[in-house]
Amino acid sequence: MPKLKERPKPVITPELCKGCGRCIDACPKHCFTMGEMINPLSGLIPAKVDLNACNGCGLCFDACPEPYALERWIEDALAVELEMAEVKPAAENAPPVIPTTRKPLPTAQPLILKGTYASAVGALLAGCRHFFGYPITPSTEGAELMAKLLPDLDGVFVQAVSEVATVNMIYGCGGAGRPAMTFTSSPGFSLMLEGISYMIGAEVPGVFVNIMRGGPGLGNIAPEQSDIKLACRGLGHGNTHAIALAPSSPQEMLDLTMLAFELSFKYRNPVVVLGDGYLGQITGKVNLPETMVAPGIPRWAVYGDAQHRDNLICSIMLSEEALEAHNTYLNRKYRAMIEHEQRAETYYCDDADVLLIAANTPARMAKGAVESLRRQGVRAGLFRPITLWPFPIDLLTPLLEDVQEIVVVEASNGQLEDELRLALSKAHVIDLPLIENVRHFGGILPQQDEIVEKVLNYRVWAS
Amino acid sequence: MSVYYEKFTRHARGEGIKGATTHYCPGCGHGLAHNYLAETIEALDIQDRTVLISPVGCSVFMYYYMDVGNTQAAHGRAPAVAIGHKVANPDAVVICYQGDGDLASIGLAEIIQTAQLGLPITVIFVNNGTYAMTGGQLAPTTPMGMATATSPDGRDRLMGEPLKVAEMIAQMDGPIYVERVALFDNKQRNRAKKAIRKAIRLQTEKRGFAFVEVLSECPTHLRMSSDEAQEWIKEKMLPIFPLGVKKDLVVEPWFDMDLPNFDPQALVDQLGTAEEELPRFSDHFPAHIDTDDISVKMAGAGGDGAQTAAMLLTRAAINESFDATHIPSYGPQSRGGTSYADVHIARTEVLSPAAPDPHILIAFNSPSLMKFAPAVRPGGIVIYDSSVITEVPELDSNVQCFGVPMTEIARSLGNIMVKNIVALGALQSVTELFPPGTFLTAIRSALSEKCALIPLNEAAFEKGRQFLEALTH
């Protein structure tokens, strides 16, 4: 016990005291009484203290809920000053960026992998060593491979209690600056949307690979493109957008998963990789890239060390002005994504007067249809969006000059066509070609022959 | 206290007295719990590595005050967010601070999983018996009979009994330390301080998950003065929520996680990639079957080996530098149902990976043959297991059909598992898709970690070939 003169005694800062009276109750020497005057700054009646009987027991400090209402006054301050000087560890200067580097990969033969595996390998190559997930068909194999490989790479695999927990684990891990991901499928993705909205609001990166299956409800586990609408227009509440990538082969499952991590950290925003159930299961040849990523810890992260102590991951903006400003800022980010990240594959588009538009596995059928139509003398082409959001409208509009018919081929109820129409409308394309479609859902994919037939029927009718 | 920001700039930009006061009502227990937490962080010298998770509820703005790394979580999810932080940086001291609506209602799943996982994470659970932030509604911890905004006539049986969270957490295997404390007098406050200190110290010592439930006064929604509220806790809450240590295990420090490994060689080793190319045997695309794209369907019961055979064929074709894909039928991942696989082999690029009308069908059982054989293209080939299939459906006269006693041959070799390899031998012989070496290389490569099985599989392949050759020559 320090000497009496060295023990801190309470001094009330009246405007910071809310007058709750806990100190009155706590003090064994009855030093405190309730005041009589309203404090003009706080509008509250603060307590009063008379230190004549105070023996510096300190119980009042433990009873006062306000951090700064009771000042610690020490009669013999000098004696304790030296001791106190060491206590406060000062936050260091601005957090340095621990840089992300690329390392050359030893040459290796191509792998033969199924789509979900290829995506998992892409994540590992992108420097993801933290996986959180909940098993759901047809995406589970990706998670299983991560569970197998991560421990030997000193990574972490956590099977969460639900998709809701999953997305929040990604929020924590991504907020700490680490590349984190999950595999999921449609119903699971629905459950993650709230968390994705938080991630976007708080600017937390993370990658969601959604191997879409048939809906609504439990639907089935067969391939569908059921979540284009969710990924492009419905990422939880509020003003949200995220880049949505649509691979169509195991190779692209790897490449686009790697790209997803890069874009996710570039924009501090989640990225969605949308595959269909077929793409998750299909096995094919996959070449490895020349380099892999060794991620650093970004400046903004809440990593839990001195360099990052000042940081905050938070989506709360209480004042109307602050929240509007934040949304304006997010809109600028979305515009940058729209300007810089549109991607598409074009196949025989240059002279096409019939343009097929398709993504994921249906794009493979559409490509077959283009070949078949070309053999029959029809100038058909395929425009395959690789980014579903932002829709690659800037790459599409220059191709439209000679196009008389667009056929949107999709394994959904028109979700891709809606994106196309919205993009055309926003791009002020007024002179629209006829837009037809071949749609299936429930696990049935559009087939090459019916696409060909659709095109030929129109030409018969048009002539 | 240095763990508090000198000025609360996040609280209304720190203007006026808000820069030095909390947003809590007079007499609120949160302020005390905050103080004890701040003192602990200072005393344990962990300010730089502390990550504090603010919840949703009255303590949602905790990040206004604490000069540590801060993350604000969605309602109830703080423990999941905490797991993310802890595994991202095992050296971080991760503290979850949650109220009773947050933790004991919407976030039950997350707290249960995190507690049971047992990682060294500290949860401070502030139980004031009400949803204070939203205006005093019924909480999972509201005492029976108490009137709230959503139980105006008092909590009754239809609203369930109050939830004893500390006891619930204590009976799980994951946590090592669980205590319930209160704030209503000097003695309790002293215990609360010590409990919080201990719960965080156990984390810094890498020992395990610790949980402190704090019975806390909400004078505002109780419509009481703070000393009345203190009395209320004593009289109404204590009988339901008895104070004390609920669990206190002595465990050795165990939590020791390495930082992630980004060594390229380690990754490539994990992927099991071959360093050298496999030998090739074919110098042309098997255009005698189709000029650009050959489709094969393999079908049988689960366990017949259709998927393995399809995968081997795919690997063989890719190794010969063609494009190939394999897509399984996938159902709920249970055994025993039908299992079929579609393979495409293309000169340059496989387009549609499905094979609704294949060039070649291999059927391992009767239902598969009946279902898929009629769809085989004119000019196509059907190979079936004549050991188990006795009846062959009427097929297009242009379709060639070969019965091979795959099961019998495999059994004669001592293992019926290799009937799918017998089938591949037959396939090679009748179609000359690729030379035998292509198949054998794929088989050997797939069995590189089970070398002892290679001779058996080679023999099966050869027997399948021989049977077909004897049949056709």
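The values are calculated or read from the model by the stated rules, or taken from the named source; none is laboratory data. Keep in mind the model is a prediction, meaning the values are calculated, not measured. Please note: Cβ atoms are built from the backbone with ideal geometry, for glycine as well, and neighbour counts cover all protein chains shown. Areas reflect the complete protein model, heavy atoms only, side chains present, ligands, DNA and RNA absent. Shrake-Rupley method; radii C 1.70, N 1.55, O 1.52, S 1.80 Å.
Can you tell me how many residues in the range B:273-288 are open to solvent by less than 50 Å² (accessible area, probe 1.4 Å) and at pLDDT 90 or above?
The number of residues fulfilling the criteria is 4.
What residue, of B:Lys206, B:Lys194, is among the basic types (Lys, Arg) and out of contact with any Asp or Glu (no Cβ under 8 Å at 6 or more places or on another chain)?
It is B:Lys194.
Of the conditions (1) surrounded by 15 or more Cβ atoms within 10 Å (Cβ to Cβ); (2) assigned to a loop (DSSP other than H, G, I, E, B); (3) within 14 Å of chain A (Cβ to nearest Cβ), B:Gln270 clears all except one; give me its number.
(2)
Which residues, counting only those in the range A:127-152, are open to solvent by 10 Å² or more (accessible area, probe 1.4 Å) and in contact (Cβ under 8 Å) with a residue 60 or more places away in the chain?
Within the range A:127-152, A:Thr137, A:Glu141 qualify.
Being within 20 Å of B:Ala82 (Cβ to Cβ) and more than 8 Å from every other protein chain (Cβ to nearest Cβ) is the filter; apply it to the range A:299-309 and report the residue that is least open to solvent (accessible area, probe 1.4 Å).
A:Ala301
Any chance you could count how many residues in the range A:1-18 are in a loop (DSSP other than H, G, I, E, B) and away from chain B (no Cβ under 14 Å)?
4
Find the residue count for the range A:40-57, including only residues that are closer than 27 Å to B:Tyr64 by Cβ, within 13 Å of chain B (Cβ to nearest Cβ) and open to solvent by 20 Å² or more (accessible area, probe 1.4 Å).
Going through the range A:40-57 one residue at a time, the tally reaches 6.
Look at B:Leu468 and say whether it is at pLDDT below 95, assigned by TED's automatic domain parsing to the domain that holds B:Leu361 and of a type in the set (A, V, I, L, M).
Answer is yes for this residue.
Taking the range B:53-68, which residues are in a loop (DSSP other than H, G, I, E, B) and either open to solvent by 10 Å² or more (accessible area, probe 1.4 Å) or polar (S, T, N, Q) (or both)?
Selection gives B:Val56, B:Gly57, B:Asp67.
Take A:Gly115 and decide whether it is at pLDDT 95 or above, facing chain B (nearest Cβ under 8 Å) and out of contact with any Lys or Arg (no Cβ under 8 Å at 6 or more places or on another chain).
Spelling it out, it is not the case that A:Gly115 is at pLDDT 95 or above, facing chain B (nearest Cβ under 8 Å) and out of contact with any Lys or Arg (no Cβ under 8 Å at 6 or more places or on another chain).
I'd like the residue in the range A:404-425 that is of a type in the set (Asp, Glu) and within 19 Å of A:Tyr458 (Cα to Cα) and, out of all such residues, is surrounded by the fewest Cβ atoms within 10 Å (Cβ to Cβ).
Among those that are of a type in the set (Asp, Glu) and within 19 Å of A:Tyr458 (Cα to Cα), it is A:Glu405.
Would you check which residues across the range B:440-456 are open to solvent by 20 Å² or more (accessible area, probe 1.4 Å) and part of a helix (DSSP H, G or I) and list them?
Within the range B:440-456, B:Leu440, B:Arg444, B:Ser445, B:Ala446, B:Cys451, B:Ala452, B:Leu453, B:Ile454, B:Pro455, B:Leu456 qualify.
Looking at the structure I just gave you, is B:Val392 touching a Cys at 6+ places or on another chain (Cβ under 9 Å) and open to solvent by 40 Å² or more (accessible area, probe 1.4 Å)?
Judged against the criteria, B:Val392 is a match.
Rundown of residues vs (1) under 19 Å from the mean Cα position of the chain (by Cα); (2) more than 19 Å from B:Pro260 (Cβ to Cβ); (3) facing another protein chain (nearest Cβ under 8 Å), yes/no style:
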{"site": "A:Gly127", "(1), (2), (3)": "yes, no, yes"}
{"site": "A:His130", "(1), (2), (3)": "yes, no, yes"}
{"site": "A:Pro151", "(1), (2), (3)": "no, no, no"}
{"site": "A:Ala160", "(1), (2), (3)": "yes, yes, yes"}
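Anything in the range A:318-357 that is modelled with pLDDT of 95 or more, assigned to a loop (DSSP other than H, G, I, E, B) and within 14 Å of another protein chain (Cβ to nearest Cβ)? List them, or say none.
Scanning the range A:318-357 gives a single hit, A:Tyr348.
Please work out which one of (1) open to solvent by 10 Å² or more (accessible area, probe 1.4 Å); (2) not in a loop (DSSP other than H, G, I, E, B) is the condition A:Gly284 fails and give its number.
(1)
Consider A:Met292 against the criteria (1) within 7 Å of chain B (Cβ to nearest Cβ); (2) farther than 14 Å from A:Gly177 by Cα; (3) open to solvent by 30 Å² or more (accessible area, probe 1.4 Å): it satisfies all of them except one. Which criterion is unmet?
(3)
Only one residue in B:Ala301, B:Ala324 is under 32 Å from the mean Cα position of the chain (by Cα), in the same structural domain as B:Gly380 (by TED's automatic domain parsing) and at pLDDT 95 or above. Which one?
Checking each option against the conditions leaves just B:Ala324.
When you scan the range B:69-78, do you find a residue that is part of a helix (DSSP H, G or I), within 7 Å of chain A (Cβ to nearest Cβ), among the basic types (Lys, Arg) and open to solvent by 20 Å² or more (accessible area, probe 1.4 Å), even just one?
No - not one qualifying residue is present in the range B:69-78.
Yes or no: B:Ala324 within 12 Å of chain A (Cβ to nearest Cβ) and either buried (at least 23 other Cβ atoms within 10 Å of the Cβ) or of a type in the set (Ser, Thr, Tyr) (or both)?
The answer is yes for B:Ala324.
Every residue, every condition in (1) in a helix (DSSP H, G or I); (2) within 19 Å of A:Leu279 (Cβ to Cβ), yes or no:
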| site | (1), (2) |
| --- | --- |
| B:Pro286 | no, no |
| B:Thr291 | no, no |
| B:Ile294 | no, no |
| B:Gly300 | no, no |
| B:Ala316 | yes, no |
| B:Ala324 | no, yes |
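Give me a count of the residues in the range A:388-421 that are under 28 Å from the mean Cα position of the chain (by Cα) and in a loop (DSSP other than H, G, I, E, B).
Number satisfying all stated conditions: 7.
Would you tally the residues in the range A:426-463 being open to solvent by less than 50 Å² (accessible area, probe 1.4 Å) and small (Gly, Ala, Ser)?
The total comes to 3.
Quick check on my filter: what residues within the range B:217-267 are in contact with a Pro (Cβ under 7 Å, 6 or more places away or on another chain), under 30 Å from A:Pro104 (Cβ atoms) and open to solvent by 40 Å² or more (accessible area, probe 1.4 Å)?
Hits for the range B:217-267 are B:Met257, B:Gln265.
Could you list, in sequence order, all residues of the range B:39-52 that are at the interface with chain A (Cβ under 7 Å from one of its Cβ atoms), open to solvent by 10 Å² or more (accessible area, probe 1.4 Å) and touching a residue at least 24 places away in the same chain (Cβ under 8 Å)?
Selection gives B:Glu42, B:Arg49.
Among the residues that make up the range B:136-154, is at least one of them surrounded by 24 or more Cβ atoms within 10 Å (Cβ to Cβ), out of contact with any His (no Cβ under 7 Å at 6 or more places or on another chain) and not in a loop (DSSP other than H, G, I, E, B)?
Scanning the range B:136-154, I find no residue that is surrounded by 24 or more Cβ atoms within 10 Å (Cβ to Cβ), out of contact with any His (no Cβ under 7 Å at 6 or more places or on another chain) and not in a loop (DSSP other than H, G, I, E, B), so the answer is no.
Can you pull out the residues in the range B:20-38 that are more than 9 Å from chain A (Cβ to nearest Cβ) and surrounded by fewer than 22 Cβ atoms within 10 Å (Cβ to Cβ)?
B:His23, the sole residue that qualifies.
Of the conditions (1) open to solvent by less than 20 Å² (accessible area, probe 1.4 Å); (2) among the small types (Gly, Ala, Ser); (3) modelled with pLDDT of 95 or more, B:Ser368 fails just one. Which one is it?
(3)
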